[in-house]
Structures are given as structure tokens and as C-alpha cells.
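Reviewing the structure listed below.
The values are calculated or read from the model by the stated rules, or taken from the named source; none is laboratory data. Values in this document were obtained by computation on a predicted structure and should not be read as measured data. Because the Cβ atoms are built from the backbone with ideal geometry, glycine has one as well, and the counts that use them run over all protein chains shown. For the accessible areas, the whole protein counts, side chains as well, though only heavy atoms, and no ligand, DNA or RNA atoms are used. Shrake-Rupley method; radii C 1.70, N 1.55, O 1.52, S 1.80 Å.
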Amino acid sequence: MQKPFVRKILLTLGCMMAFGGTAFAADTGIYVDQVGYLTGHDKIAMVRDTGETSFSLMDAKTGKTVYTGKLTAAKRDANTEEMVRYADFSAIETPGTYKVKIGAAESYPFAIGENVYASASARTLRSYTLSRSGTPIDDSAVTGLKLKGGHMQDREASSYFTDKVTKKGQTYDVLGGWYDAGDYGKYTTTGALAAAELMYAYENNRGHFTVGQLAFPKETTHTDRLPDVLNEVKYELDFLQKMQRKDGSTFHKVSGATWPGFDKSPDTDTQPRFLYSTCTASTAMYGASLAIGARIYAPFDAAYASQLRKNAQKVWAYLEKEKSSIYRVDPGQESGSGPYNDTDDRQERLWFAAEMLRTTGDASYGRYLMAHAGELSAMPSFFTWDNTLALAQYAYLKADKADAALRAKVQKAFLGYADKIVAKIAADGFHCALAKDEYTWASTKNAMTQGDILLMANEFAPKKAYVEGALSQIHYMLGRNSLGKSFLTGVGSDYPHHPHNRIYASTGAYVPGLLVGGPNAVLGGDPDQTAYLKSRHVPPAKAYLDVQTSWSTNEYAIDYTGTAAYALSYFAKSAAHTDRQLQKD
């Protein structure tokens with residue numbers, strides 16, 4: 001991680017060429033995971049074909065060659081439109097820091113070891129703390145971020161509309177929670193999904209998460225009775241519960257009426273804040289996150305877990321009465337925030353029901369799922385804020401009270417999708433799970449999500465291909481891609497220097513551990529991306545800009561980062577981090 005005062009120096013590193021303010025670092029044609037590779041697992045670098053047929057592995061500190069090998073035959077990769085060879089050094093198990101060398105070219109340095117992802121994991125988790133709204137932040141010791149308290153006016157946010165439950169202008173206290181992304185909106189949809197991702201990570205690898213792991217900034221609200229990650233998730237769950245209305249539904253989002261400028265930090269953006277829309281899909285996702293929380297927090301705080309469960313039951317009662325899918329739209333509600341306009345809530349209701357069945361064992365949720373057995377057992381896609389079918393299936397497969405026959409159908413669909421992901425990875429020149437048409441907005445998140453699904457599938461049918469496939473998505477995220485770019489801020493050797501992030505732009509404090517969207521080959525994502533795609537032929541896997549104003553390729557979001565947090569924590573062992581350790585590059 002780099003300190004704010006050296007960020008300008010970063011822009012001069014390497015040979016660079018400009019496009020609309022974008023800098024492209026020198027490309028050696030050797031693509032590695034810039035963090036490292038785990039002992040006991042595959043270790044492969046991707047190499048753009050130059051005619052060379054051999055490679056060497058050298059100790060990065062001494063320059064001594066420790067291994068030589070043959071490159072594989074070149075093959076064309078459709079999504080990068082390049083001829084690619086592989087340098088396989090899986091045989092090397094000695095911990096250390098290495099480089100791959102081919103001819104005169106050298107890769108970025110990387111580690112080999114049994115716990116290479118501990119620091120990256122901590123950074124992804126800690127990024128949520130630094131995305132907190134409604135509280136002072138003093139992270140002088142690590143990132144330099146200091147805020148008096150972002151959007152304290154959320155204590156009196158006004159309803160933007162009138163319906164049977166609320167009146168326009170009525171005020172509510174919705175202080176707290178996480179900012180969603182590079183703007184200052186707070187959304188029930190992505191907040192619930194991100195909280196669920198972190199709770200899943202904890203649930204599936206409890207030993208990784210400890211007290212003291214995240215070196216919380218000064219005066220940050222937390223208790224040593226909870227592992228650090230559950231302190232952080234609780235901060236979001238407490239906010240989300242404030243978004244629940246008296247009929248059991250939720251407000252969809254809270255934000256200002258206009259997009260704040262990049263000069264506005266959270267504590268200087270003083271415009272009034274409004275509560276916009278109701279949405280049954282986001283309400284169901286909120287309910288699912290509460291159901292997960294009810295079982296996660298029960299060993300630590302029975303009263304809090306009971307509160308989460310009761311609020312989830314209120315959501316279910318509301319959705320039982322409201323059968324139609326609702327996404328309320330009022331003129332002007334998107335003028336200062338994103339829509340997250342999910343108009344089909346079927347998958348989200350299934351996820352909610354499956355989580356309630358898993359947490360409570362109540363047969364009523366099982367009956368609902370049996371009544372929608374065809375939808376529940378359909379072939380899923382990677383999960384996202386507008387389609388959580390894969391999560392519904394995962395929760396159902398984990399539920400003790402699941403019907404045996406339906407469980408078998410659901411497992412067949414879930415594992416069938418996992419096998420399709422494995423096939424895509426094998427066919428891709430960079431072992432990325434993305435098909436050509438999946439290089440869209442949030443493509444890196446889409447790849448990581450597919451890796452997460454492989455790890456979930458491995459619980460039910462353990463396969464080396466599932467685990468290695470998931471690791472391949474981490475490698476892709478951390479630089480083993482045709483851009484040689486780590487898409488996780490502050491992690492690796494070449495990472496986003498100009499993320500679409502108003503906190504960074506307004507304060508100069510660079511927050512590491514945020515996952516940016518990555519390549520987006522669909523025209524119209526944002527003006528910079530559109531101009532770039534129109535200016536030349538750009539292969540899908542290269543449609544990325546490291547510029548502040550390219551929100552469709554270089555903006556982070558909390559649900560994106562959650563997919564990285566899940567995967568990294570799966571492969572990382574527990575490690576507490578001091579301020580000094582977190583300051584290291």
C-alpha cells in the first residue's frame with residue numbers, strides 16, 4: 001500500500017502512454033499473480049508469445065536461477081486476441097520471492113508460500129471499515145484517512161415519496177452503514193449482499209477470523225467479544241435495520257438528490273439526503289442477510305440474533321401479503337444515485353426462503369420452496385444483485401430440513417453450473433471464468449463470483465478442479481491477466497492508481513483492498529470507456545481504463561469486494577495485522 005504523499009510518483013513508474021488521461025504501464029508480456037502462489041497448488045504464469053520456448057524462475061532477491069522449464073505451445077486466446085504460452089513452475093514449493101524470466105524480460109516479483117493471501121484478505125475486510133458512513137474515522141497510522149463523520153444528516157433523511165406507510169418529507173434516522181461505491185449512496189440491495197458475502201466467508205472458515213485482525217482505526221466502534229469481521233458486518237446490519245419500514249418492507253436507498261463533486265468528502269457533502277423507493281427484491285435480500293446473521297451472531301449475542309430473526313420474520317410476513325414484484329419509481333429519484341432497478345424478485349424470494357429454512361428449520365419455508373421447485377432447481381448463473389438463484393440453491397443444499405428429492409435436483413443444477421465454469425476456465429487462455437459476453441460492467445466481480453461458486457460446490461462434491469479454478473480467479477484478479485493489472489486497490493505491483501472513488505479524490509487517502517469493476521466491452525458504460533472503445537479495436541478482456549471518471553471499469557463497490565473477501569479468506573490463514581504491517585507494500 002502506498003502513502004498518499006507518494007501517489008503522484010506512482011504515475012511516473014514504467015514506460016507509459018496516455019489515452020484520455022489514462023496511463024498504461026510497460027508490458028513485459030509475462031503475467032503473474034503479483035501477490036503470489038500457494039504451496040501445494042498450481043503455479044502458472046501466462047506469457048504472450050514472442051517465439052521464446054523456455055523460461056527460468058529466479059530468486060527476486062539474489063537474481064539466482066532456481067528453476068528452468070519449457071513453455072507450452074502457443075495457442076490463441078479469443079478474449080484477448082493474443083497467442084499465449086504457459087510457464088508452469090508448480091514443482092517449486094520452497095517459500096520465497098521470485099520472478100519469471102524469459103529472454104531479457106522479467107515478471108513482477110511474487111511470493112510462494114503457504115499463506116500468501118493473509119495481507120490481501122485483511123485489506124479487503126478493512127476496506128469496509130474505511131467505507132463507514134456516519135462516524136468519525138482517524139486512520140492516520142495506516143492510510144492517512146481522517147473524516148469528522150460522513151453524512152451525519154442521515155439522522156434526519158426525508159422520505160422522497162408518499163405511500164400507505166410513509167409520507168413525503170417524513171424524516172427517519174438512517175445514520176450508519178457502508179457507502180456503496182465511489183459515490184455516497186447507501187443501498188439496501190448491495191448492502192445486504194455484501195454483508196451476506198462476509199458472513200458466508202466467516203461461516204465457512206471461522207478459524208481465519210480473529211479479534212485484532214483488522215487493526216481498527218482509532219475510536220472505531222467495535223467490541224472484543226466479536227471477531228473483527230463480525231464487528232464490521234454488524235455496523236452494516238444495524239444500518240439496514242433502520243431502513244426497514246413498519247410494514248416489514250424496506251426503503252431501497254438513501255442518498256443526496258445530486259451527484260457530489262469529486263472535491264466533496266463525506267463530511268463536506270452537506271446536501272439533504274432522501275430515502276428513495278421501495279423494492280421487493282432488495283427487501284427480500286435484506287431478509288436473507290438477517291436470516292444469516294441470526295445464526296452467525298447467536299453464539300456471541302443471543303438477544304441480537306433474536307432481533308435479527310424477528311425482523312426477518314416481519315419481512316417474510318410482508319412478502320407473503322405482497323405477491324407482486326415492486327420497484328417503485330418517482331421522477332428524479334436517480335438524479336444523484338444509481339437505480340439498482342431489480343423488477344423481478346423471484347430469485348431473491350427464493351434466497352430469503354432458503355436462508356430462513358436453514359436458520360429456523362420452519363416447515364413453512366420448505367413448503368414455499370417446494371411450491372417453487374422448478375425455479376429453485378433451474379440452472380443458475382453467477383450471483384449478483386439482481387439474480388441470487390445460486391445463493392438460494394447453496395442455502396437450500398446447506399439446510400438440514402431440505403426435501404431430499406428436491407435437494408438432489410438442486411444439487412444437480414448447482415454442480416452442473418460449477419462444471420460449466422470449470423470448462424470455461426480450461427478453454428480460456430488466462431484461465432479466467434468469463435465468457436466473451438461476460439466482460440461487462442463489474443466483470444472482475446463476475447469472475448470472482450464464479451470462483452466463489454466453485455468453492456461452494458466443493459463443499460458438496462470435492463474436486464481439485466473446483467479449488468484450482470477458484471484460485472485461478474484470484475490469480476486473474478491480482479494481475480495474471482492480459483493487462484498485467486491487479487484489480488484490487490493497493491495490492492500487487494500494478495494496481496488501480498485512479499479509482500472512481502470520491503473519498504480518495506477528495507481526501508488523497510488511498511484505501512487498499514477495494515475491487516474495481518475491470519474490463520467492460522459493452523459500449524455506453526461511461527464517456528471515457530465509450531470513447532476508448534470507439535477509438536480503436538479493443539479485445540473484450542482489455543476494455544479497461546485506469547482513470548477516475550471511468551465508473552464502468554474503475555469503480556469499486558462493496559458487493560464486488562465481498563466476492564474477493566470470500567475467496568481470499570478461504571485460502572488465507574488467520575493473521576493479526578498491526579498498523580506497521582498494514583503500511584507495508
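Just to check your reading of the model, which residue among Asp247, Asp224 is open to solvent by 10 Å² or more (accessible area, probe 1.4 Å), touching a helix residue (DSSP H, G or I) at 6+ places or on another chain (Cβ under 6 Å) and assigned to a loop (DSSP other than H, G, I, E, B)? Walk me through how you get there before you give the answer.
Details: Asp224 fails: touching a helix residue (DSSP H, G or I) at 6+ places or on another chain (Cβ under 6 Å).
Of Asp247, Asp224, the one residue that is open to solvent by 10 Å² or more (accessible area, probe 1.4 Å), touching a helix residue (DSSP H, G or I) at 6+ places or on another chain (Cβ under 6 Å) and assigned to a loop (DSSP other than H, G, I, E, B) is Asp247.
Answer yes or no: is there a residue in the range 379-386 that is closer than 21 Å to Ala291 by Cα, of a type outside the set (Lys, Arg) and in contact with a strand residue (DSSP E or B) (Cβ under 9 Å, 6 or more places away or on another chain). Talk me through it step by step, then tell me what you get.
Taking the range 379-386 and keeping what is closer than 21 Å to Ala291 by Cα, we get 383-386.
With of a type outside the set (Lys, Arg) added as a condition, the list becomes 383-386.
Subsequent filtering for residues that are in contact with a strand residue (DSSP E or B) (Cβ under 9 Å, 6 or more places away or on another chain) retains 385.
Yes, the conditions are met somewhere in the range 379-386.
Looking at Gly134, Gly169, Gly207, can you tell me which residue is closer than 29 Å to Asn554 by Cβ and not basic (Lys, Arg)? Walk me through how you get there before you give the answer.
Details: Gly169 fails: closer than 29 Å to Asn554 by Cβ; Gly207 fails: closer than 29 Å to Asn554 by Cβ.
Exactly one of Gly134, Gly169, Gly207 is closer than 29 Å to Asn554 by Cβ and not basic (Lys, Arg), namely Gly134.
Determine whether the range 121-129 contains at least one residue that is part of a loop (DSSP other than H, G, I, E, B), at pLDDT 95 or above and within 30 Å of Ser337 (Cα to Cα). I'd like the intermediate steps shown before the answer.
Initial filter on the range 121-129 (part of a loop (DSSP other than H, G, I, E, B)): none.
No: zero hits.
Being without any contact (Cβ under 8 Å) to a residue 60 or more places away in the chain, in contact with a helix residue (DSSP H, G or I) (Cβ under 6 Å, 6 or more places away or on another chain) and open to solvent by 40 Å² or more (accessible area, probe 1.4 Å) is the filter here; which residues of the range 348-371 pass it?
Matches in the range 348-371: Tyr368 only.
Looking at the range 426-468 only, could you name the residues that are β-branched (Val, Ile, Thr), crowded, with 24+ Cβ neighbours inside 10 Å and out of contact with any strand residue (DSSP E or B) (no Cβ under 9 Å at 6 or more places or on another chain)? Talk me through it step by step, then tell me what you get.
Of all residues in the range 426-468, those β-branched (Val, Ile, Thr) come to 440, 444, 449, 453, 467.
Next, from what is left, pick out any that are crowded, with 24+ Cβ neighbours inside 10 Å: 444, 449, 453.
The one that is β-branched (Val, Ile, Thr), crowded, with 24+ Cβ neighbours inside 10 Å and out of contact with any strand residue (DSSP E or B) (no Cβ under 9 Å at 6 or more places or on another chain): Ile453.
When the residues of the range 27-75 are narrowed to those that are more than 21 Å from Ala426 (Cβ to Cβ) and charged (D, E, K, R), which ends up most open to solvent (accessible area, probe 1.4 Å)?
Within the range 27-75, the match that is most open to solvent (accessible area, probe 1.4 Å) is Lys61.
Being touching a residue at least 60 places away in the same chain (Cβ under 8 Å) and over 24 Å from the mean Cα position of the chain (by Cα) is the filter here, so list the residues in the range 518-538 that pass it.
First, pick out the residues of the range 518-538 that are touching a residue at least 60 places away in the same chain (Cβ under 8 Å): 518-522, 525, 528, 531-532, 535.
Within the range 518-538, Ala531, Tyr532, Ser535 meet the criteria.
Taking the range 519-575, which residues are within 21 Å of Gly338 (Cβ to Cβ), open to solvent by 50 Å² or more (accessible area, probe 1.4 Å) and part of a helix (DSSP H, G or I)? Let's see the steps before the verdict.
The first filter runs over the range 519-575 and keeps only residues within 21 Å of Gly338 (Cβ to Cβ), leaving 519-530, 543-545, 547-564.
Cutting the leftovers down to open to solvent by 50 Å² or more (accessible area, probe 1.4 Å) gives us 522-524, 527, 548-549, 551.
Pro527, Trp551, listed by residue number.
State yes or no: is Met83 open to solvent by less than 20 Å² (accessible area, probe 1.4 Å), at pLDDT 95 or above and in a strand (DSSP E or B)?
Working: open to solvent by less than 20 Å² (accessible area, probe 1.4 Å): no; at pLDDT 95 or above: yes; in a strand (DSSP E or B): yes.
When the stated conditions are applied, Met83 does not pass them.
Are any residues in the range 36-80 assigned to a strand (DSSP E or B) and farther than 20 Å from Phe110 by Cβ, and if so, which ones?
So in the range 36-80, the residues assigned to a strand (DSSP E or B) come out as 36-38, 44-48, 54-59, 65-70, 75-77.
Listed by number, the residues that qualify are Lys70, Lys75, Arg76, Asp77.
Select from the range 297-325 the residues that are of a type in the set (S, T, N, Q) and open to solvent by less than 70 Å² (accessible area, probe 1.4 Å) and write down the one among them that is nearest to Asp247 (Cα to Cα). Even if it seems obvious, please write down each step before you answer.
Here is the first cut: in the range 297-325, the residues of a type in the set (S, T, N, Q) are 306-307, 311, 313, 324-325.
Checking the rest, the ones that are also open to solvent by less than 70 Å² (accessible area, probe 1.4 Å) come to 306, 311, 324-325.
On the way: Ser306: 19, Asn311: 11, Ser324: 16, Ser325: 16 Å.
Looking at the filtered set, the residue picked out is Asn311.
Could you please find all residues in the range 130-160 being of a type in the set (S, T, N, Q), open to solvent by 10 Å² or more (accessible area, probe 1.4 Å) and in a loop (DSSP other than H, G, I, E, B)?
Filtering the range 130-160 down to residues of a type in the set (S, T, N, Q) leaves 131, 133, 135, 140, 143, 153, 158-159.
Among the residues that remain, those that are also open to solvent by 10 Å² or more (accessible area, probe 1.4 Å) are: 135, 140, 153, 158.
Correct list: Thr135, Ser140.
Quick one: in the range 36-64, of everything that is of a type in the set (Val, Ile, Thr) and touching a Leu at 6+ places or on another chain (Cβ under 7 Å), which residue is nearest to Val100 (Cα to Cα)? Before the answer, list the steps.
Kept after step one, since they are of a type in the set (Val, Ile, Thr), are these residues of the range 36-64: 39, 44, 47, 50, 53, 62.
From the residues that got through so far, the ones that are touching a Leu at 6+ places or on another chain (Cβ under 7 Å) too are 47, 53.
Details: Val47: 10, Thr53: 13 Å.
Filtering first and then ranking leaves Val47.
For the range 280-296, check the following and say yes or no: at least one residue is open to solvent by 10 Å² or more (accessible area, probe 1.4 Å) and either of a type in the set (S, T, N, Q) or in contact with a strand residue (DSSP E or B) (Cβ under 8 Å, 6 or more places away or on another chain) (or both).
no
Which residues, counting only those in the range 453-485, are assigned to a loop (DSSP other than H, G, I, E, B) and either modelled with pLDDT under 95 or not charged (D, E, K, R) (or both)? So that I can check it myself, show each step before the final result.
Restricting attention to the range 453-485, the residues satisfying the condition of being assigned to a loop (DSSP other than H, G, I, E, B) are 461-463, 479-485.
The answer is Ala461, Pro462, Gly479, Asn481, Ser482, Leu483, Gly484.
The rows are residues; the columns are (1) of a type in the set (Asp, Glu); (2) within 14 Å of Ile453 (Cα to Cα); (3) surrounded by fewer than 22 Cβ atoms within 10 Å (Cβ to Cβ).
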position: Ala373; (1), (2), (3): no, no, yes
position: Leu389; (1), (2), (3): no, yes, no
position: Asp400; (1), (2), (3): yes, no, yes
position: Asp403; (1), (2), (3): yes, no, yes
position: Gln411; (1), (2), (3): no, yes, yes
position: Leu415; (1), (2), (3): no, yes, yes
